[in-house]
Amino acid sequence: MLIAAILRAKGPEVVSVAPEETVARLLTELARHNIGAVVVAEDDTLVGIVSERDVVRHLERRGPEVLSAPVSDIMTADVVTCTPDDSVEEVSERMTVRRFRHVPVTSEGRLAGIVSIGDLVKSRLRVLENDRAQLEAYIHGR
Ligand code: AMP
């Protein structure tokens, strides 16, 4: 199973914010779209990723004034990405080892979507369910 199959099902939409937007504005986007991370983009170029975990960590460290700081203060600039041709297994492994739950997808240098650990788990469960149904049909000679 490839990342491309997941993107076909969920679409290419990626919620993004500019690096100079405030952390408060970022929280609005997370809540409005019911998501855990947004990519940080400048003129269509990926410059970072910021998740709810970054907000929690910086709130604890700096207090509520972090809400008026720019997103660039708390984002991770060194973003791990994948491509539509990567396998779901490979990207799941990368997420588990690096301990993050979101990976933007790029194709020919452009942002083509984002996958979360939830998307990957869902697709792996579907494959397993399909395998189980096929085995059952084989065993029962159907
Ligand atoms: P998450 O598990 O996605 O909430 O993210 C946990 C931490 O990893 C946060 O500090 C994020 O900024 C960072 N992070 C999330 N996704 C990525 C990614 N694809 N590449 C690099 N860092 C990431």
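Does GLU20 fit the bill of being at pLDDT below 95 and either part of a helix (DSSP H, G or I) or more than 29 Å from ASN130 (Cα to Cα) (or both)?
Considered against the rule, which asks whether it is at pLDDT below 95 and either part of a helix (DSSP H, G or I) or more than 29 Å from ASN130 (Cα to Cα) (or both), GLU20 comes out as no.
Does ASP78 satisfy the condition of being surrounded by 16 or more Cβ atoms within 10 Å (Cβ to Cβ) and at pLDDT 95 or above?
No.
Kindly indicate the residue of region 22-34 that is in contact (Cβ under 8 Å) with a residue 24 or more places away in the chain and of a type in the set (Val, Ile, Thr) and also farthest from the ligand (Cβ to nearest atom) among those meeting that condition.
Within region 22-34, the match that is farthest from the ligand (Cβ to nearest atom) is THR22.
One line per residue, one yes/no per condition, for (1) within 14 Å of ASP85 (Cα to Cα); (2) in contact with an Asp or Glu (Cβ under 9 Å, 6 or more places away or on another chain); (3) not aliphatic (A, V, I, L, M):
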{"position": "SER107", "(1), (2), (3)": "yes, yes, yes"}
{"position": "GLY113", "(1), (2), (3)": "yes, yes, yes"}
{"position": "SER116", "(1), (2), (3)": "no, no, yes"}
{"position": "SER123", "(1), (2), (3)": "no, no, yes"}
{"position": "VAL127", "(1), (2), (3)": "no, no, no"}
{"position": "ASP131", "(1), (2), (3)": "no, no, yes"}
{"position": "GLN134", "(1), (2), (3)": "no, no, yes"}
{"position": "TYR138", "(1), (2), (3)": "no, no, yes"}
{"position": "GLY141", "(1), (2), (3)": "no, no, yes"}
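Return yes or no: is THR45 hydroxyl-bearing (Ser, Thr, Tyr) and in contact with a Ser or Thr (Cβ under 7 Å, 6 or more places away or on another chain)?
no
Could you check how many residues of region 6-37 are over 22 Å from VAL47 (Cβ atoms) and either touching a strand residue (DSSP E or B) at 6+ places or on another chain (Cβ under 9 Å) or surrounded by 14 or more Cβ atoms within 10 Å (Cβ to Cβ) (or both)?
Counting residues in region 6-37 that are over 22 Å from VAL47 (Cβ atoms) and either touching a strand residue (DSSP E or B) at 6+ places or on another chain (Cβ under 9 Å) or surrounded by 14 or more Cβ atoms within 10 Å (Cβ to Cβ) (or both) gives 3.
The values are calculated or read from the model by the stated rules, or taken from the named source; none is laboratory data. Just so you know, these numbers come straight off a predicted model, no measurement behind them. All Cβ positions, even for glycine, are placed from backbone atoms using ideal geometry, and neighbour counts span all protein chains on display.
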